[in-house]
Amino acid sequence: MRDAELSSRRRPFARVTASAVVVLALVLVGLLPLSGHAAAATTFSRNLFVSKGFVYQDPYYTACTAAAVMHMLNTIAYRGTGGYGFHWKPYTVKKSSNPDQLRDMTSILAFERRNDTLRSSSAGSDAHGWRNALNYYGWGSSAMTNASIRPYEDRAYSTYRSAMKAAVRAIARLGMPVGVLAWAGGHAQVLTGYVVTGADPKTSSDFSIQWLYLSDPLKSNAIVNRKTSYGAMKDGALKWRFQWYRETDSPYDDPYTGGWLRSSVKPTVGPSEWYHKWVLLLPVRRGLPPPAPAPTPTPTPTPAPTDPGSLAPDAAPAREAAPVDDAASPSLAPSASPSPSPSVTPSASAPPSPSAAPSPSESPAPTEQPTAPPTVPPTAPPTEPPTAPPTSAPSPSGDETTASPSASP
């Protein structure tokens, strides 16, 4: 009995001791460094917001997209992430007194209305007007009209999750803010940052979004660089909830994109680009592609130096033409015919040739040549006529013929 009583008394103590060991083990495990998948849950964050670049739309209550354009371009300018061709300078004037100033908010809104797909009777603008203003004011007209080089695109996603992941990845990779078609397409807001866990959003989509940095140009909403949870943007208060697009007043096709599709209409009218989708203004490239470099001219090859000895055979005949002709040329020998040889006395129009008589600068003096007499016509000897009358004289022209006997004295 006593042993049984002692045993029964020890059992509660044993149970307490076992419980303490389990608790201590759990504490020790909690203190150990995490390993495996849990250790890879690194936090990545980034926020592009610059306070001096933010612009309220008030008192222009239909200018939310124009205010968002200024905020986004100002942020890019201050961050220096616009890339090649970006020319926007920070500006926050809502309505300029200078009629030539077209960068103020009201001028941007007017530009959007001329380049959107919104019905003319509706107020404000739509995602196409917002996109076109961003590209035109940021990078020029080609960035608006050429779909292959546009830095910003309007993108529609079938789920909230895919849209938010695309927004985070764009901010991480390009350092440019993202536009949000909030209030089911009725308002414009801007995302400038994020906090995620998991992989780096610059290089991977394997991350979980924890927080987003959101700004709203409508002053009464009081949302400026607000750190908003992923869940609140999905299911929270309407003023920051990101819902699918339900506006149906954009019945026209986007003229700057290939194909033909209405922008947003009721399904009964036909298919459209944005209806019942989550729509973003997403940066897809950092700036315009730089121009191709001018082709490098091919240098003219420098001629190789010529060996002086190789020129001797070409120059030797010209230098030795005179001695060879004087000594051995048969064209200078006396001819049996009394007429002069054509090769010795060329005509005035005949070009000089190697067989012609050498020039005076190259040939010896004529008195040293015994064969020179054949150059004088044999029928005209230079003798004076002894019977010439005293009154007749040689012609002053030097003519070697005699006077006619029938001349009058």
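Since every read-out is calculated from the coordinates, none of them should be taken as a lab result. Not measured: the values here are computed from a predicted model. Positions of Cβ are backbone-derived with ideal geometry, glycine not excepted, and every protein chain shown enters the neighbour counts.
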Region 44-283 - share of DSSP beta bridges that are antiparallel (%, nearest 5): 95 percent
Shape category assigned to region 145-212 from the gyration tensor of Cα positions, a/c cut at 1.5: oblate
Region 44-283: relative contact order as a whole-number percent, Cα under 8 Å and 6+ apart: 22 percent
Sorted peptide list for 96-107, 129-140, criterion being average Cβ within 10 angstrom, highest first: 129-140, 96-107
Cross-link pairs beyond the 23 Å C-alpha cut-off, checked among 95/239; 94/277; 219/239: 95/239; 94/277
Which of 187, 276, 87, 71 has the fewest Cβ neighbours within 10 Å, and the rest in rising order: 87, 276, 187, 71
Placed amide H near residue 210: partners under 5 Å, 5+ positions off or other chain: 195, 196, 197
Three-way shape call for region 70-178 based on the alpha-carbon gyration tensor, with the a/c threshold at 1.5: oblate
Whether region 44-283 is rounded, prolate or oblate, judged on the alpha carbon gyration tensor where a/c under 1.5 counts as rounded: rounded
Under the Karplus curve 6.51 cos²θ - 1.76 cosθ + 1.60, θ = phi - 60°, whole-Hz ³J(HN,Hα) for region 203-210, x wherever Gly or Pro sits: 10, 8, 9, 8, 9, 10, 7, 9
Sequence ranges 42-48, 247-253, 170-176, ranked by mean other-Cβ count within 10 angstrom, highest first: 170-176, 247-253, 42-48
